[in-house]
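Peer 1: I'd like to ask some things about the structure below.
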Amino acid sequence: MIKKINKIKKICVSYSGGLDTSVAIKWLSNKGIKVYAYYADIDDISIKELKRIKLNAMKCGAHKFKSFNLKREIINEALKVIKYNAFNIYSGKEKYYNTTPISRIIITKRIVKEMKKDSVNIWSDGSTYKGNDIERFFIYSLSINKNIKIYKPWLDSKFINEVGGGRKEMILFLKKNNIIYSKKKKNYSIDSNILGNTYEGENLESLDSHLSKKNFEYNKKKYKKKIYKIYFKNGIPYYFNNKKITFIKFVKKINKIAGSFGIGISDQIENRILGTKSRGVYESPFMEVIHILYERIANCVHNEGSLTLYKENGYKLGCLLYKGLWWSYEAKMIKHMLKFFSKRINGKINFCFEKNKVKILNTKSKFSLYNKKNVSMEKNKYENFSYRDRIGYLNIKKLIIR
C-alpha cells in the first residue's frame, strides 16, 4: 500500500464518473501525475452520457480515458451467484442479491488487464475507509497481479487535508479548479449496474427515512399483468416466451417489467466487513425473479439433504462474496460442490407478476420428485405406500423415542 504520492508518476483510477473519483483525478493531476481513467460501463447508459463522462474525466486532468462494456460479464457472474445461492443478507422475505460485490469482481478483472497494456502498476479508486469496496478492490487486484501497488486517496492525510472529507468540500475544491459539478437533486446516492440499484447515504443513513414508490428507478412505467414462460437448462435461463434469451436485453426487460410491480426491493440493516452496521435499500427485480424460479425447480428435483447443503453452503458462499473472497479456496470448494446441484435444474415455468410478488402458474421438470399420487387426499390404488407402511414407520419412530 502506497501511503504517499511523492514517487508516483502514473496511476490508474477506477473512474465512476461521480464526485469522489473526479476530485481524485483532479487532485492527482495537479501534482503532475499522469492519470489513466478507466470507466466500467456496467449500467444502461446512452452514448451521449458516456461522452459526457469522458469529457468530465479529461476536464479533471485525466491523461488517458478508456471505457469498457462489462454488462454481459456481470450478468454471467450473476447467474453463477444465483445457481450457488450465494446470498447472506436477508430479513423476512426480503434479500440483498449481492449486486455490488458481483460488479467489483468484473470491474477489477478488466481494469488490471488494461493497466498491464498501458504499463501502469498503481491502482486507485474512490472507495473510502468506511466502506466495503476498499477491501474488495484491494483483494481482487492483488489476486490477479501480486506485484500491483495500491494507492487510496481517502487513506492519505495530505489528500484529506487539501480537499476536505465531505461532499460540500469536494464540490468547492472542483469549483476552485474551474470545474462545475452539478449538485444532484436527490438526497441520497444511487450506485447502479445492469443488475439493479443500490440506494444509500445522506437521508437514508437515518432509520426514520424511507423511499416512496416514485423514488425507485424501475417503478416509473406501469405494465399490464401478463403470463410469461421461462425454460431452464442446467440452472441457466435458456428460453423466454419460447425465444432463445439474449441476456442484456432479457435482464433489462425483466428489471423494467418486474420492477414496475415492486418486485426485488429490499431494505436492509447489514454488517459491513469492518463489523459496523450500515443501511442499504436495494432494487434488483431480475435477480429476485430468476432466483425464485430457480428455487421452484430446485424444490421439485432435489431431496431434503441436497436442499439443506445448498442453503447452508450458499449462505457461507454469500458471506465470502460480500467480503471480496469469491476466488478464495473456501469459495472454490463450495462452488465445486454446488455445480452438481445446478445440473438438475432443468424445466419450464409459467408465471406472472402481481403486486410485490412472482406468481407461479405451472411447473414442469424432467427430474421432478413431486408425485401427486403420493400426496393426494383422494383414494388412489397406484400410490407407492399405504397406511400399513406408515404404521411400520411410526413403530420405528417409537423405538427411537424410547
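Each reported figure results from applying straightforward, stated rules to the coordinates on display, with no laboratory input. Given the structure is predicted, the values throughout are model-derived calculations rather than measurements. Cβ atoms come from the backbone with ideal geometry, glycine included; neighbour counts cover every protein chain shown.
Peer 1: Per DSSP H run of at least 4 residues, take -39500 (n - 2.57); add these up for the chain, divide by its residues and hand me the 222 nm value, nearest 500 deg cm²/dmol.
Peer 2: It lands at -13500 deg cm²/dmol.
Peer 1: I'd like the distance between the alpha-carbon centres of the range 329-388 and the range 8-61, rounded to an integer number of Å.
Peer 2: 48 Å
Peer 1: Mind scanning K95/K339; K93/K221; K64/K339; K31/K54; K175/K213; K175/K221 and naming the pairs with a C-alpha gap bigger than 30 Å? Please report the intermediate quantities before stating the final value.
Peer 2: Details: K95/K339 22 Å; K93/K221 25 Å; K64/K339 41 Å; K31/K54 21 Å; K175/K213 35 Å; K175/K221 37 Å.
Correct reply: K64/K339; K175/K213; K175/K221.
Peer 1: Hey, fewest Cβ within 10 Å first, where do H210, H291, H63 land in order?
Peer 2: Placing the least packed residue first, the sequence is H210, H63, H291.
Peer 1: Counting other Cβ atoms within 10 Å, keep those with at most 16, restrict to DSSP loop, and tell me which trypsin sites (Lys or Arg not before Pro) in the range 95-158 are left.
Peer 2: Answer in residue order: K130, K146.
Peer 1: Let me ask something else. Quote the FRET efficiency, to the nearest 0.05, computed for S306 versus D44 with a Förster distance R0 of 35 Å and r equal to the Cβ-Cβ distance. Walk me through the numbers on the way to the answer.
Peer 2: Working: r = 37 Å, r/R0 = 1.05.
Computed FRET efficiency for S306 and D44: 0.45.
Peer 1: Counting other beta carbons within 10 Å of each Cβ, put F68, F87 in order, fewest first. Please report the intermediate quantities before stating the final value.
Peer 2: Values: F68 17, F87 21.
Listed from fewest to most nearby Cβ atoms, that is F68, F87.
Peer 1: Using the membrane-span-like helix rule (whole DSSP H runs, Cα extent along the own axis of at least 24 Å, mean Kyte-Doolittle hydropathy at least -0.5), which helices of the chain qualify? Can you show the working numbers first?
Peer 2: On the way: long enough: 99-117 (28 Å, -0.21); 285-301 (25 Å, 0.80); 304-322 (27 Å, -0.18).
The answer, listed by residue number, is 99-117, 285-301, 304-322.
Peer 1: Given H placed on each backbone N at 1.01 Å, which residues far from D41 in sequence or on other chains put an amide H within less than 5 Å of it?
Peer 2: Amide H neighbours of D41, under 5 Å, 5+ apart: F68, N69, L70.
Peer 1: Structure shown: which of K59/K168; K59/K113; K7/K146; K83/K225; K9/K152 lie over 23 Å apart, alpha-carbon to alpha-carbon?
Peer 2: Checking Cα-Cα distances, K59/K113; K83/K225 exceed 23 Å.
Peer 1: Need one number: convex hull volume per residue for the range 189-364, Cα atoms only, in Å³.
Peer 2: So the per-residue hull volume is 137 Å³.
Peer 1: Say each of K398 and T246 gets a label point 7 Å from the Cα, pointing the same way as Cα to Cβ; how far apart are those two points in nm?
Peer 2: 6.7 nm
Peer 1: Where a Cα-Cα gap under 23 Å defines reach, which lysines qualify for K372, not counting those fewer than 8 residues away within the same chain?
Peer 2: List returned: K229, K348, K359, K364, K381.
Peer 1: Between their Cα atoms, which of K34/K332; K66/K316; K3/K117 are more than 27 Å away from each other?
Peer 2: Values: K34/K332 38 Å; K66/K316 36 Å; K3/K117 25 Å.
K34/K332; K66/K316, as the Cα separations exceed 27 Å there.
Peer 1: Counting only GluC sites (Glu not before Pro) that are in a DSSP loop and have at most 15 other C-beta atoms within 10 Å, tell me the longest site-free stretch of the chain.
Peer 2: Here the longest run is 1-377.
Peer 1: Would you mind ranking T21, T128 so that the residue whose beta carbon has the fewest other beta carbons within 10 Å leads the list?
Peer 2: T128, T21
Peer 1: Just to be sure I understand, if you calculate Rg and Dmax of the Cα atoms in Å for this structure, which of (i) 26.2, 89; (ii) 23.0, 78; (iii) 24.7, 87 do you get?
Peer 2: (iii)
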